[in-house]
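The structure appears below as structure tokens.
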């Protein structure tokens, strides 16, 4: 790593990222972490790869600096594996100022979808009805926040338990941990300053302007003000930055696919039950089709409908983009089609032609 950003959330980290971009650096912030680095960080937290592999992935995508979770929590590992890296620790005027930004931000996050939007959003996450990248990033964020921000937190919050129906309930449960996070903030900042020698460390409050940052990095001072992004009062920031960005759009496409898939599975299951009541269980003189499987006539009809449905187009597009398939779509040829199950694409072609 060339630059390691070790600041906690709500220490003007988004402003720092954009300032570094203005100076010509390619920064992996939250959106980039999800889209390009979610898999390697997931593997690292699972113990499946070393921090050197994580750094290789940053370099592979041309990133020169990290920002936000999980890199700001694992800054020390990145630092010890990067002998020439410089460290930027973003801070606020005081712990109290940081706390008064951090807690309202988390309250806004929990309120942003309203009710019952909060419950539906967290159920979508819990079921994994989002993109592979977002699924990995959600798990990583939850684990990292427990480790780095909320001391001894034994409460699941992302996704929220199914019994927590509103954002207000979640805020009430989590607020003691948020209040106590001031200890983590202060100990984190002390640790960075104890470990990193002065010549490789910049403790930077963006209110100090360009000069300290540019001097530290050996860059000319730009003729523009320091960016000021992700203000606590800006309730639409997450929507603009994440949900409408590439990771959010990708995740929404997957969510729509899973909803369509569930609806079609239910529809086929209903058709199958009706079929068993009305149609003889006989095909080409074969007296019996195994109980609980589709009749050939209904399967062929369902196959044709599926072949023409938007679901297949959506799934093929997503598969091409992400290179992944789930178990419902990777059954072997000749497997029995259990009632209510989803037909695999190769089986659809075979049945449609045969019909």
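The values are calculated or read from the model by the stated rules, or taken from the named source; none is laboratory data. Being a predicted model, the structure only gives us computed values, none of them experimental. Neighbour counts are summed over all protein chains in view; Cβ atoms, including those assigned to glycine, are modelled from backbone coordinates with ideal geometry.
Any residue in segment 56-65 that is more than 30 Å from residue 255 (Cβ to Cβ), buried (at least 17 other Cβ atoms within 10 Å of the Cβ) and at pLDDT 95 or above?
yes
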Counting only residues that are in contact (Cβ under 8 Å) with a residue 12 or more places away in the chain and not in a helix (DSSP H, G or I), how many does segment 129-153 have?
7
Quick check, is residue 105 in the same structural domain as residue 213 (by TED's automatic domain parsing), under 25 Å from residue 248 (Cβ atoms) and either at pLDDT 95 or above or surrounded by fewer than 17 Cβ atoms within 10 Å (Cβ to Cβ) (or both)?
no
Regarding segment 131-142, can at least one residue be identified that is surrounded by 19 or more Cβ atoms within 10 Å (Cβ to Cβ), out of contact with any strand residue (DSSP E or B) (no Cβ under 8 Å at 6 or more places or on another chain) and over 27 Å from residue 261 (Cα atoms)?
yes
Residue hits (segment 176-232; free of Cβ contacts under 8 Å to residues at least 12 places away in the same chain and part of a loop (DSSP other than H, G, I, E, B)) are 197, 218, 220, 221, 223, 225, 231
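Conditions tested, residue by residue: (1) within 26 Å of residue 18 (Cα to Cα); (2) in contact with a strand residue (DSSP E or B) (Cβ under 9 Å, 6 or more places away or on another chain); (3) surrounded by fewer than 19 Cβ atoms within 10 Å (Cβ to Cβ); (4) at pLDDT below 95.
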| position | (1), (2), (3), (4) |
| --- | --- |
| 92 | yes, no, no, no |
| 127 | no, no, yes, yes |
| 147 | no, no, yes, yes |
| 154 | no, no, yes, yes |
| 164 | no, no, no, no |
| 168 | no, no, yes, no |
| 175 | no, no, yes, no |
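For (1) under 20 Å from residue 134 (Cβ atoms); (2) in the same structural domain as residue 195 (by TED's automatic domain parsing); (3) in contact with a strand residue (DSSP E or B) (Cβ under 9 Å, 6 or more places away or on another chain), each residue gets a yes or a no:
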{"site": "28", "(1), (2), (3)": "yes, yes, yes"}
{"site": "31", "(1), (2), (3)": "yes, yes, no"}
{"site": "34", "(1), (2), (3)": "yes, yes, no"}
{"site": "42", "(1), (2), (3)": "yes, yes, no"}
{"site": "52", "(1), (2), (3)": "no, yes, no"}
{"site": "59", "(1), (2), (3)": "no, yes, no"}
{"site": "62", "(1), (2), (3)": "no, yes, no"}
{"site": "72", "(1), (2), (3)": "yes, yes, yes"}
{"site": "81", "(1), (2), (3)": "no, yes, no"}
